[in-house]
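Okay, structure first, notes after.
The values are calculated or read from the model by the stated rules, or taken from the named source; none is laboratory data. None of these values were measured; they are calculated from a predicted model. Ideal geometry is used to build each Cβ from the backbone, glycine not excepted, and the neighbour counts take in all protein chains shown.
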Amino acid sequence: MGAEKTRLRALLEALLFVAWEPLPLGRLAEVTGADKAAVAEALAEIGRDFAGCGFRLTEIAGGWQFLTDPDLAPYIEKLYNPRSQQLSKAALETLAIVAYHQPVTRLEIDNIRQVKSDTVLGKLLERSLIKEVGRLEGPGRPILYGTTREFLAAFGLKSLSELPELPEPEAAAEAGLYDGMPELADV
């Protein structure tokens, strides 16, 4: 391996090690001064070399980041004993609606959930899992919401195209997913 390639790889490893968010290929090329093809080649090499280690190079949320091996999570939790960062059922429900229906207004979310979502939307905005993506043309020009790169990173997705397919309402109702909520089976 040439000195330039060795230097680029070392630089990329350092940048990825200190990054607290996924770094896009273009940004890595810009910071290192290397062309995108050289950066992509170095990232592939780094990924191969770290395969099977306690952490790995992962393409996530439109960028690259070192992440710990998910199989090791129980041990890391023992060491750090983190406070629960879990989302409430209402927050997960609202987040799913935004993810699958974006851009979506608060009123559309409320209609699907059959309850007001102001507080939950505020918490999701605060955690940067959703953002305001514009305004709907029409009376009152309501805010439109969409997901963020933080959402993708939190759920380990490269893009929204990796969201699982939703079952058809009839199949979901037959599977009991709407038990206790018959009004949602028609949504």
- For Arg9, which of the numbered conditions (1) over 21 Å from Thr148 (Cα atoms); (2) surrounded by fewer than 16 Cβ atoms within 10 Å (Cβ to Cβ) fails to hold? (2)
- Message: Restricting to the stretch 5-24, and then to whatever is of a type outside the set (Asp, Glu) and part of a loop (DSSP other than H, G, I, E, B), can you tell me which residue is nearest to Lys36 (Cα to Cα)?
- Response: Pro24
- Task: With respect to Asp35, determine if the residue is modelled with pLDDT of 90 or more and in contact with a Ser or Thr (Cβ under 8 Å, 6 or more places away or on another chain).
- Result: no
- Task: Would you mention how many residues in the stretch 90-133 are over 20 Å from the mean Cα position of the chain (by Cα), of a type outside the set (A, V, I, L, M, F, W, C), within 23 Å of Leu157 (Cβ to Cβ) and not in a loop (DSSP other than H, G, I, E, B)?
- Result: 2
- Which residue out of Leu95, Leu144, Leu124 is in contact with a strand residue (DSSP E or B) (Cβ under 6 Å, 6 or more places away or on another chain), surrounded by 15 or more Cβ atoms within 10 Å (Cβ to Cβ), at pLDDT 90 or above and closer than 20 Å to Ala61 by Cβ? Leu124
- Select from the stretch 69-89 the residues that are closer than 30 Å to Gly134 by Cα and assigned to a loop (DSSP other than H, G, I, E, B) and write down the one among them that is modelled with the highest pLDDT. Ser88
- Query: buried (at least 17 other Cβ atoms within 10 Å of the Cβ), among the acidic types (Asp, Glu) and out of contact with any Cys (no Cβ under 7 Å at 6 or more places or on another chain), is that true of Glu108?
  - Reply: yes
- Message: So if I check each of Ala61, Ala37, Ala29, Ala73, which one is free of Cβ contacts under 8 Å to residues at least 12 places away in the same chain and surrounded by 14 or more Cβ atoms within 10 Å (Cβ to Cβ)?
- Response: Ala29
- Message: Within the stretch 43-68, take every residue that is in a loop (DSSP other than H, G, I, E, B) and within 17 Å of the chain's Cα centre (by Cα) and give me the one that is nearest to Gly122 (Cα to Cα).
- Response: Ala61
- Residue hits (the stretch 164-178; at pLDDT 70 or above and out of contact with any Phe, Trp or Tyr (no Cβ under 7 Å at 6 or more places or on another chain)) are Pro164, Glu165, Pro167, Glu168
- Please specify each residue of the stretch 16-25 satisfying the condition of being surrounded by 12 or more Cβ atoms within 10 Å (Cβ to Cβ) and closer than 17 Å to Ile46 by Cα. Leu16, Ala19, Pro22, Leu23, Pro24, Leu25
- Query: Does the stretch 31-38 contain at least one residue that is part of a helix (DSSP H, G or I) and out of contact with any helix residue (DSSP H, G or I) (no Cβ under 8 Å at 6 or more places or on another chain)?
  - Reply: yes
